[in-house]
1. In the range 6-33, what count of residues is obtained for those that are in contact with a helix residue (DSSP H, G or I) (Cβ under 7 Å, 6 or more places away or on another chain), among the small types (Gly, Ala, Ser) and part of a helix (DSSP H, G or I)?
2. Could you please find all residues in the range 18-46 being crowded, with 17+ Cβ neighbours inside 10 Å, under 21 Å from Gln4 (Cα atoms) and under 10 Å from the mean Cα position of the chain (by Cα)?
3. Consider only pairs whose beta carbons are under 8 Å apart and that are at least six residues apart or on different chains; among these, list those whose first residue lies in the range 9-27 and is within 17 Å of Ala59 (Cα to Cα) and whose second residue is outside any strand (DSSP E or B) and among the acidic types (Asp, Glu).
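Nothing in this text is a laboratory measurement; each read-out follows from the coordinates by a stated rule. None of these values were measured; they are calculated from a predicted model. Quick reminder, even Gly has a Cβ in these numbers, built from the backbone with ideal geometry, and neighbours come from all protein chains shown.
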Amino acid sequence: MEYQQPPIGTLTTRLAALSADVAPATIRDWVRRGLLARCGGTPKRPLYRVADVEAARYAAKPTRNNQRAATAA
């Protein structure tokens, strides 16, 4: 069951993804990486603070050791 309206100042995973202009899987990845923390909800229906989603959106993302850097042609 999806929230009809999450509490004020919070977002569901789907709404957080829309707010940050990313896929819901990216929101879950940010949580796994420690860039975003849940502020409530249930394990299957987490809630996130609006300010935390915005901070995670603009945070420097860690890269993998073997990831290729973007190069100019």
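1. The qualifying residues number 4.
2. Ala20, Ile27
3. Ser19/Glu54; Ala20/Glu54
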